[in-house]
Structures are given as structure tokens and as C-alpha cells.
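Everything on this sheet refers to the single structure shown next.
The values are calculated or read from the model by the stated rules, or taken from the named source; none is laboratory data. Predicted model only: the values in this text are computed from it and were never measured. Glycine also receives a Cβ, built like all others from the backbone with ideal geometry; neighbour counts cover every protein chain displayed. When the accessible area is computed, the model is the full protein with side chains, heavy atoms only, and any ligands, DNA or RNA have been set aside. Shrake-Rupley method; radii C 1.70, N 1.55, O 1.52, S 1.80 Å.
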Amino acid sequence: LVPVARPDSVPELIEMAAKIAGDRDGEIIAMRVVAIPDQLSPAALDGYIESQRDILELAQEHANRFDIPFTSLVMVGRRIASSILETARARNCGLILMGWKGYTNTADKILGEVSDAVVKNARTDLMLVKLVGNKVPKKFLLPTAGGVHALQAENYTSSLARTDDTSITVASVVLKGAGN
């Protein structure tokens, strides 16, 4: 599941999703969430919802470069994170791949309101990506202490790094004197 919010990150997120889905005989579901205020009826947004299709058409254009099944949808909801999580559950998604702006404007949030809620409540794998420039990353640093989550991170990273010009550095921190 690839929730898309910013058109400038769509090509990179779709390419990353295609690499991962391709390794797993999976599919890409791109979604756009239209958040509506509590006091507004969803029926009042018909024209606005259609205007949100532009970002999904952009995602479709980029997905067409890959031989991966692709679906797009617009969801209307009161809370963006809830819509993402409900869609992931309803569609049995194995991974939520989200872009992240790299900072938060909210003092009581670590990643941001939507990202914090998705991270806290996701019942599936989650990959939060901070893109630097308009390129899919070519160098990956994978900090690991072992375990099932580290193995899954390694699997996803290896799917993303299947080209000659990509590298993965695996790092593990060992305290001085450990194991003596």
C-alpha cells in the first residue's frame, strides 16, 4: 500500500514499491486520502474527490514502467492515518510504504501526526522513506541487532538494491567489552 500525498515523491515511491512487489509477486495499491472535517458531509466533496485523481494518474503513469499489477483508490475519511490503516487491513497489504518529510511541526509527535499514528497502529510491515532529491536511494545503511524484524528489513532492502550501482552497509553496534 502506497499512500500518496505529494506529487513530487510519487515516482520514487512507486519505483520502490515496484521493486519490492516484483520480488514477491505482489501488487501495488496507491491511495490518496481526502480528509474531511467532522462537520462536513462526505457528499459535499464529490467534485473535490475527482480532482484528487490527478496524483493517482501520476502514480499509474510511473507504475506502467513496471510489469506489476496496479490499483489506485481515493479514500474519504475524517482521519488520514485511520484511512491508511483500515485500507491496509481490508486489502490484506503486507507492507505500507510511506513517504516522510523528515521532520514534524508538532511538539508532541516524533514523526508527525499521521506517521506516528500509522507506526503505532500498523498490523503489517511498514517502511517510512525520507527521500533526498528526486531519486530512489542507491546507498543503504541497515543498522541491525538481529532478530525477525532485522531479517525482514534486510529482505526489503535487498529488493531495493538489486542494481549494480547500489550498495548496502550492514552495521551492528557492539559495546566495548561485550562477549569477553
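Summary table below
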item: Unsatisfied cross-links (Cα-Cα over 27 Å) in the set Lys101/Lys176; Lys101/Lys139; Lys109/Lys176; Lys130/Lys176; Lys109/Lys138; Lys19/Lys176; result: Lys101/Lys176; Lys109/Lys176; Lys130/Lys176; Lys109/Lys138; Lys19/Lys176
item: Cβ-placed point charges (K, R +1; D, E -1), dipole of segment 2-108 about Cα centre in debye, nearest 20; result: 280
item: R0 of 22 Å, Cβ-Cβ distance Thr166-Asp25: FRET efficiency to nearest 0.05; result: 0.50
item: For the chain, projected area of the alpha-carbon convex hull averaged over all directions, nm²; result: 13.1
item: Which of Gly77, Met31, Thr169, positive extreme of dipole for the chain (C-beta unit charges); result: Thr169
item: Point-charge dipole on Cβ atoms (K/R +1, D/E -1) for segment 76-134, about Cα centre, debye to 20; result: 120
item: Net charge dipole size for the chain [Lys, Arg +1 and Asp, Glu -1 on Cβ; Debye, nearest 20]; result: 560
item: Unit charges at the beta carbon, dipole of the chain: most positive-side option, Gly22, Leu97, Gln52; result: Leu97
item: Carbon/sulfur fraction of accessible area - segment 1-127, other protein chains in place, 1.4 Å, %; result: 48
item: Contour minus Cα-Cα distance for Asn155 and Glu86 (0.36 nm per residue); result: 22.3 nm
item: In sequence order, calculated HN-Hα J values of segment 51-56 (Karplus, 6.51, -1.76, 1.60; Hz; x Gly/Pro); result: 5, 7, 5, 4, 5, 6
item: Amide proton proximity set for Leu126, modelled H, under 5 Å, gap of 5+; result: Ile96
